[in-house]
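J.: To start, I am sharing the structure in question, which I have written as structure tokens.
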Ligand SMILES: Nc1ncnc2c1ncn2[C@@H]1O[C@H](COP(=O)(O)OP(=O)(O)OP(=O)(O)O)[C@@H](O)[C@H]1O
Ligand SMILES: [Mg+2]
């Protein structure tokens, strides 16, 4: 027995071991020497922006794509040499919807269950169970083309569970869903993990999702893992409070000055916006405003908050995930200065 991040006993069944996994497409290295371990019974998140290599990683771990280099075991089976055994022990919810919309919800589930060779009796029992979990029992006989986006996603999660997998892969489980539906899906995922002990590996570019759901997170950017830990410890890495300053003009010089102060931990600046991390932030705000005036810049507005995973991502990559999605700021990196961690 191992003790997982939540301190509860769990068996090693379902554990994932990834060593130096790499995938190149021509000259592009989409996944670059990533290594991580997921203990059985945990929820592990790959958090990163568009094109970071999340889906490519999932495709390799689910045996759909051959790695260029490296190795991995999923539920104790080698992804290169024991593909069938891996496939028997996993469920997958793909990023791209993959339901037959001309069939009912129940028919989609039954079709999938048949592919696993389950008997009629077992299929009926499993379909009943998974529909109940995602609260779609009443919609089971309706054609999927009449489902909402959230209902389709819930049906896909149900489908991924039909064969009682040890490990469930969820690639962007809530992409494009409204906040309320997203919350519901989070609840199913948690419930599934807590009540059935299913190991879950999910990808997301939603910070709150990773924060709320995951026992551990790997932040992935341009194919590499740039940080990996529990959400709480990742946020603690920044230390203190995050202060955001909006200035009346471009503030790189002032940002560089702030970084020299002993009580300032990290500073990032972009145009007229500066973000810095300091301990006991409230007490420092008046001083920072005054220092700005001494440097000829006016602080137009100030906000203070506890660090989020967004701050962690910015600290490690010099970009925000949202910047990348907008596309506009892709080529612009914030100036990040990082002090040596004690
Ligand atoms: N089959 C392929 N052929 C060539 N390039 C590919 C292929 N699949 C992925 N890529 C490239 O590999 C990189 C990683 O893609 P991947 O789909 O893994 O990213 P992702 O993190 O899942 O992004 P998103 O958040 O948009 O889903 C991207 O630059 C992508 O264009
Ligand atoms: Mg993807």
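The values are calculated or read from the model by the stated rules, or taken from the named source; none is laboratory data. For clarity, every value in this text was computed on a predicted model and none was experimentally measured. Backbone-built Cβ (ideal geometry, glycine too); neighbour counts: all protein chains shown.
To keep it simple, each residue is scored yes or no on (1) in the same structural domain as residue 48 (by TED's automatic domain parsing); (2) over 22 Å from the mean Cα position of the chain (by Cα); (3) surrounded by fewer than 19 Cβ atoms within 10 Å (Cβ to Cβ).
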site	(1), (2), (3)
226	yes, no, yes
244	no, yes, yes
248	no, yes, yes
251	no, yes, no
254	no, yes, no
258	no, yes, no
263	no, yes, yes
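So that you can scan it fast, the table gives a plain yes or no per residue for (1) surrounded by fewer than 19 Cβ atoms within 10 Å (Cβ to Cβ); (2) more than 16 Å from ligand 2 (Cβ to nearest atom); (3) under 20 Å from residue 15 (Cα atoms):
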{"site": "59", "(1), (2), (3)": "no, no, yes"}
{"site": "68", "(1), (2), (3)": "yes, yes, no"}
{"site": "79", "(1), (2), (3)": "no, yes, yes"}
{"site": "96", "(1), (2), (3)": "yes, no, no"}
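J.: Determine, yes or no, whether residue 138 is assigned to a helix (DSSP H, G or I) and either within 16 Å of ligand 1 (Cβ to nearest atom) or within 25 Å of residue 176 (Cα to Cα) (or both).
T.: yes
Yes/no matrix, rows are residues, columns are (1) more than 24 Å from residue 222 (Cα to Cα); (2) in the same structural domain as residue 225 (by TED's automatic domain parsing); (3) touching a strand residue (DSSP E or B) at 6+ places or on another chain (Cβ under 7 Å); (4) within 16 Å of ligand 1 (Cβ to nearest atom):
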site	(1), (2), (3), (4)
46	no, yes, yes, yes
51	no, yes, no, yes
58	no, yes, yes, yes
74	no, yes, yes, no
85	yes, yes, yes, no
105	yes, yes, no, no
116	yes, yes, no, no
120	yes, yes, no, no
127	yes, yes, no, no
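J.: Further question: What's the total number of residues in region 207-238 that are in contact (Cβ under 8 Å) with a residue 60 or more places away in the chain and not in a helix (DSSP H, G or I)?
T.: 16
J.: Residue 29 is checked against (1) more than 9 Å from ligand 2 (Cβ to nearest atom); (2) surrounded by 19 or more Cβ atoms within 10 Å (Cβ to Cβ) and fails just one. What number does that condition carry?
T.: All conditions pass for residue 29, except number (2).
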